[in-house]
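Everything below concerns the one structure shown next.
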Amino acid sequence: MSRFIRAPRFDWGYLIVLGLSLPVLWPLVGPSYLSSHDGLHHLYRLVDLDWAIRGGVLYPRWLPNLGFGYGYPVLNYYAPLSYYLGELFHILGAGYIDSIKLAYAVGFLGSGLAMYLFTKEHVGRIPAILASVVYVYLPYHLADAYVRGALAEFLSFLFFPLILWCFYRLITSGKLHYVVWSALSLAGLILTHNLMALIFAPFLVAYVGFVWFQQRDLRVLGYAALAVCLALGLSAFYWLPGFAEAKWARLGQVGPGATDYLPRLITMSDFFSPFLLYRYFPEHGVSLEHPMSWLQFALICVSLAVPFRLRHPSWRATRRHLILFQVATFVSLFMLFVYSRPLWDHVPLLRYLQYPFRFLTLTSFTSAFVIGSVPLLFVDGTEEKADTPWASRGRNAGAVSTVVVIVLALIMTALPGLPIEPMYMPEHEEPLTEGTVNFATMAEYDYLTGLWTRLWGGPWLLEYLPAWVQEDRGAIFLPAEKAPVTRRDLGPEEVPKISLGSQGPLTRQLTVEAARPMKLSFHSFYFPNWRTYIDGQQETAYPSGKLGLLTVDIPAGQHELLVRFEDTPAERVGEMMSLISILGILAVLILTRQWKALVIAAAFLLLVASLTVLHVRSSPSVQYPVIIEANLGDQIGLLGYHVDGSSYRPGDTITVTVYWLALQDMDQNYKVFVHLTDEQETRLVSQSDRWPVYNFSPTTRWEPGEIVWDRHEIAVPPDTAPGTYRLTTGAYLLETMQNLEVLDDTGNPQGVRVLLSTVEVAP
């Protein structure tokens, strides 16, 4: 039996698990992004996170380009670790799509390896191999990645076995350094998916109590408590503001009263998949979106016999582990059924889970463990565990054959039905690939979310919309319905002079000269983190209009204005708690002389820091606009522009950011354009004509005094001849096809377009 229980110096089980897990990665091969429920959320959050990092903001609680360019406080509430894993791959050179795919690959392979690490402690190597492969291929695990596209929830699978292994080693060995690994693994789960941490927490408490009860050493119980405290401290920079500031976003208004879990609680008739070969949503056949596989449930039932087989006292710990995990399996399944409604109704935090089927994450973990024990049916459980060999070669072969049959059956029933399809954006004939991941398709993603909100509702859609937005959440990107506005000519004193300074993702500098006091707004939703400074003195920012735009009052005269997204008191407290916990982790590592771990951690951090600096310097996102003043028909002011280069080749794309100022209230939706023309402006070479901000910020939505940054991508045709070309801009009314006239300081027309810059097209 020693071969069954004891691992050799190099455990080949890890390589076996890796090898058997490779087929699950086949959908990730290829250039296209995969279609899934939440896949676009994670892709474009990664894009915006990278934009902020390239602007020098290492932890942006506000992602500035999402939400039609108004921004969302996503990372103030959503656990960030999955996106930083993707960002790490991007910094290493992978594209955004491949970075997401690599994160999924880490989740699949890492969860299998972590499961093997934990399971072999209790049931041996052969059952651990089975448990690990089962864990990888269980239908809900696959659905989390390839159907739901729930990247963060999917990555939480990796942490479940890792956390239990760390706490098991901490309690059974009593070694202080396991406090560090326990704290880091638990903090990792919290920072990956807080709702999964909520689901996992009761089981972790039960498991720690279960293992400790066999030791009854108060010292190690104190170590476990210290690990939990350090984990909470390490992650406090995230969860403390999330709780304290929940009311600032729509999720804090929806969560306490949400009842969308009610129609998703099931009866037994909807529990099982009716198909031999598992079918995934939307062809799953029952009301439970991710029903139980007949094979998974049958193997769970078979595993119930294993504890009765292991009768010798030396098997007591294994037997108890199996019983605990079997009970946990059925308890987690109970939470799917209508019989659990009293818990859902009276435990407020459960309402934030939204979907009862999320308990299948815990079910997948516990059931994989018990299914892995099935080969123990071939062990002579009446003999001592440590010294008993396989009862016979036949039984040895039977156990291995059982593993092979279960693995093949699981793969053959779970993989073929996966609905693997490429993702298509609206009105695109080609699937989404790396070349089309940009801010334009980000706006289309926002449009899809808004359209879904308008068509289907759902309390949790646009949950990161700030609480100060008064407009209907499904209408923020549509033209505003308003009474006709009397157009009037503006005097010179009514048009402020605004000089743009540096424009970063979360910081904006400008000089404002106004003849009279004015209200200046920005194309960003208001949020309490925004701070405004006039001539170095903080002034109160506030929300204005139905969209709750970030606004500040500017006195008459010339003033330097700084707008910056800063920490709130709750965020500073959370960050201080995290810093203290990091110091505590370092203290434990030093006290326990874990020099190797310290060196590896320092080297890793130095490498990541160096790569990040290179990444930021190679493509910074901070802009220094060229200042240009133009008045378009007393309706729209042009403040400046930024071009991403000066020389291009045929086939390249020129990215131009134009900075507009709403001079007065508008009842017409003007289109804006950026044209690439020849040097004489007689031939149009390429163009971008649309409503502002990728068609989703109509000018009837603009507040007087609002600054709007508006990106345009102009493709240089492949047959463009070398030479000098001009970039011009302007605005026009589609109904009349007439441009707004460019006015001078006295109101006299000077033309219908503004020259921005010249660019060179090289051979």
Review point. How far is helix 393-414 tilted, in degrees, relative to the longest principal axis of the Cα atoms in the chain, given as a value from 0 to 90 rounded to the nearest 10?
Key: 20 degrees
Revision key, fill the gap. FRET efficiency (Ala601, His346; Cβ distance; R0 45 Å; to 0.05) is 0.55
**Study point:** Extension reserve of the Cys301-Glu681 stretch, reckoned as 0.36 nm per residue once the Cα distance is removed
**Key:** 129.1 nm
Review point. Which cross-chain or sequence-distant (5 or more) residues have an amide H under 5 Å from the amide H of Arg148, H modelled 1.01 Å from N in plane?
Key: His37
Review point. In debye to the nearest 20, how big a dipole does the chain give about its Cα centre with +1 on each Lys and Arg Cβ and -1 on each Asp and Glu Cβ?
Key: 4480 debye
**Study point:** Nearby lysines by direct alpha-carbon distance to Lys671 (threshold 27 angstrom, same-chain neighbours under 8 apart not counted)
**Key:** Lys482, Lys497, Lys519, Lys546
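Quick one: which of 12-19, 137-144, 441-448 comes out on top by average Cβ neighbours within 10 Å, and what's the full order, highest first? Walk me through the intermediate numbers first.
Numbers: 12-19: 16.2, 137-144: 26.0, 441-448: 20.2.
Per-residue Cβ counts within 10 Å, averaged per peptide and sorted highest first, yield 137-144, 441-448, 12-19.
Provide the packing ranking of 619-626, 66-73, i.e. peptides ordered by the mean count of other C-beta atoms within 10 Å per residue, highest first. The partial results should precede the final answer.
Working: 619-626: 15.1, 66-73: 25.1.
Top of the packing list down: 66-73, 619-626.
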Check your understanding: Which FRET efficiency value, to the nearest 0.05, is calculated for Leu277 and Leu15 with the Förster distance at 45 angstrom and r the Cβ-Cβ distance?
Key -> 0.95
Check your understanding: Out of residues 5 or more away from Glu706 or on other chains, whose amide H comes under 5 Å of its own, with H placed 1.01 Å from N in the peptide plane?
Key -> Ser521, Ala662
Review point. If amide H atoms are built 1.01 Å from N in the plane of the peptide, which residues on other chains or at least 5 residues away come under 5 Å of the amide H of Trp530?
Key: Glu566
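Using 0.36 nm times the number of residues separating Ile590 and Ile323, minus their current alpha carbon distance, what extension gain do you get?
Numbers: separation 267, 0.36 × 267 = 96.12 nm, distance 3.86 nm.
Extra length available between Ile590 and Ile323 comes to 92.3 nm.
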Review point. Can you tell which of Leu740, Val405, Val708 lies farthest toward the positive end of the dipole of the chain, using +1 and -1 charges on the Cβ of basic and acidic side chains (Lys, Arg; Asp, Glu)?
Key: Val405
Practice item. Using label points projected 7 Å from each Cα along Cα→Cβ, tell me how many nm separate Glu494 and Leu221, to one decimal. Key: 7.6 nm
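Could you size up the charge dipole of region 626-761 around its Cα centre, putting +1 on the beta carbon of Lys and Arg and -1 on that of Asp and Glu, and report it in debye to the nearest 20?
Working: 8 positive and 20 negative charges, 71 e Å.
For this selection, approximately 340 debye.
Can you order the peptides 629-638, 602-611 by their average number of other Cβ atoms within 10 Å per residue, highest first?
Details: 629-638: 21.1, 602-611: 11.2.
Result, highest mean first: 629-638, 602-611.
How high is the FRET efficiency from Ala206 to Val338, r the C-beta distance, R0 30 Å, rounded to 0.05? All intermediate terms of the calculation are to be shown ahead of the outcome.
Working: r = 24 Å, r/R0 = 0.81.
FRET efficiency, Ala206 to Val338: 0.80.
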Study note, to complete from the structure: Among (1) 267; (2) 176; (3) 192, the value of volume of the Cα convex hull per residue in Å³ computed for this structure carries the label (2)
**Study point:** For region 116-127, Karplus couplings with θ = phi - 60° (6.51, -1.76, 1.60), whole Hz, Gly/Pro x
**Key:** 5, 4, 6, 5, 5, 4, 10, 10, x, 6, 5, x
**Study point:** Label-point separation, Ser401 to Cys229 (7 Å along Cα→Cβ), nm
**Key:** 5.6 nm
Check your understanding: Say a paramagnetic label sat at a point 7 Å from the Cα of Thr653, along Cα to Cβ; which residues of region 420-447 have their backbone N under 19 Å from it?
Key -> 423-447
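Relative contact order for the chain: what is it in percent, counting Cα pairs under 8 Å that are at least 6 residues apart? Can you show the working numbers first?
Details: 1417 pairs, mean separation 104.5, N = 763.
The normalised contact order for the chain reaches 14 percent.
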Study note, to complete from the structure: HN-Hα couplings for region 83-100 via Karplus (6.51, -1.76, 1.60; θ = phi - 60°), in whole Hz with x for Gly/Pro, come out as 6, 6, 5, x, 5, 4, 5, 5, 4, 6, x, 6, x, 4, 5, 5, 5, 5
Point to revise | 3J(HN,Hα) from dihedral phi, region 476-481, Karplus parametrisation 6.51/-1.76/1.60, rounded to Hz, x for glycine, proline | key: 5, 9, 9, x, 7, 8
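Values in this text are rule-based calculations from the coordinates and carry no lab data. Note that the structure is a prediction, hence the values are computed from the model and not measured. For neighbour counting, all protein chains shown are included, and Cβ atoms are generated from backbone atoms with ideal geometry for every residue, glycine included.
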